[in-house]
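Notes follow once the structure below has been shown.
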Amino acid sequence: MSHVKMRCIYIFLLVLGILCLYFGMNSLTFFEEELPVFKKISGNFLQLPEVDCRQNSPFLVLLVTSSPSQVIARMTIRQTWGREMVVQGKQIKTFFLLGATTEQHEMTAMTQEGQQHRDIIQKDFTDVYFNLTLKTMMGMEWVHYFCPQATFVMKTDSDMFVNVHYLTELLLKKNRTTRFFTGFLKMNEFPIRKKFSKWFVSKLEYPWDKYPPFCSGTGYVFSSDVASQVYNVSDSVPFIKLEDVFVGLCLEKLNIKLEELHSEQTFFPEGLSFSTCRFKKIVACHFIKPPEMLAYWHALEISLGETCPGV
């Protein structure tokens, strides 16, 4: 009797093991297939700038991610590197990317600001840090539908200093107008699994152990055709809240390789001490507050015709 009982237990455990293996494999397949994806047709535009890129195609469009409360930063950018200008005969235009808020006074203020300056692109997603991917993809969508005639696009943030003069010079020298993407290259980055980190990403959100090559989200530049290609492929890659990684996933799918803009470093996501001669040869610098931005821009403007030692 005990022999029969042991045999039954053995068969039961064997069947249980097979069932666990079967459902384990199927659940893994389900996990891989059911990763969240970006939905291209999501949200409605609340504000669109009055610009006709077909009639007056800009050489460079600057898309600046901002938040409702950063009014002073936006005004400062409009007075400095973000004002509409012509550099070496090329038109530069700047637009601000914003989401929505539950505070009615902020929504009203953003609407009035957009009506005054005609430079705000806004959708109805909630404007929080972890919706930065939605905000960036809104910019890609806008270029795709409303301004594909632009030659280049730069996505950057409202605490960045951008030397549009040097950027234009380097882009003209590069002479690449298709499938081009550059910035501060991050070629060997890994997901942060520490839950209290600002950049924490769970295994559920991103199950792989390494990120594809991507550029720091503080500032990257690309030919305008890339905006359309990224937008079109965006619903076929796993959605991740880190917008620079998400764009990197799209570029990997498109087999678009990252390129250096210059042999010397020109993007500084960790910041850089100011000197006029140093900033003449950078494209973008992080952690710049409005008063500094005004001072740095003024210093660069009055030194445009001057040369620096060793240059």
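Of the set (1) in a strand (DSSP E or B); (2) out of contact with any helix residue (DSSP H, G or I) (no Cβ under 8 Å at 6 or more places or on another chain); (3) not hydroxyl-bearing (S, T, Y), all apply to H105 but (1). Number of residues in the stretch 62-94 that are within 14 Å of the chain's Cα centre (by Cα) and part of a strand (DSSP E or B) equals 4.
Is it fair to say F23 is modelled with pLDDT under 50 and surrounded by 12 or more Cβ atoms within 10 Å (Cβ to Cβ)? It is false that F23 is modelled with pLDDT under 50 and surrounded by 12 or more Cβ atoms within 10 Å (Cβ to Cβ).
The single condition among (1) under 11 Å from the mean Cα position of the chain (by Cα); (2) surrounded by fewer than 22 Cβ atoms within 10 Å (Cβ to Cβ) that D244 does not satisfy is (2). For V71, state whether it is in contact with an Asp or Glu (Cβ under 8 Å, 6 or more places away or on another chain) and crowded, with 16+ Cβ neighbours inside 10 Å. Taking the combined requirement at face value, the residue does not satisfy it. Residue pairs, Cβ under 6 Å, 6 or more apart or interchain, first in the stretch 167-179 and closer than 17 Å to I256 by Cβ and open to solvent by 50 Å² or more (accessible area, probe 1.4 Å), second of a type in the set (A, V, I, L, M) and at pLDDT 95 or above. List them. Final answer for the pair search is R179/I256. Restricting the search to strands (runs of 3 or more DSSP E) fully inside the stretch 108-215 and requiring at least 2 residues that are aliphatic (A, V, I, L, M) gives 120-126, 152-157. For the stretch 273-290, filtering for residues that are open to solvent by 60 Å² or more (accessible area, probe 1.4 Å) and touching a residue at least 40 places away in the same chain (Cβ under 8 Å) leaves 3.
The values are calculated or read from the model by the stated rules, or taken from the named source; none is laboratory data. Quick caveat, the model's predicted, so the values are computed rather than measured. Every residue, glycine among them, receives a Cβ derived from its backbone with ideal geometry; neighbour counts consider all protein chains shown. Note: accessible area is taken over every heavy atom of the protein model, side chains too, but ligands, DNA and RNA are not part of it. Shrake-Rupley method; radii C 1.70, N 1.55, O 1.52, S 1.80 Å.
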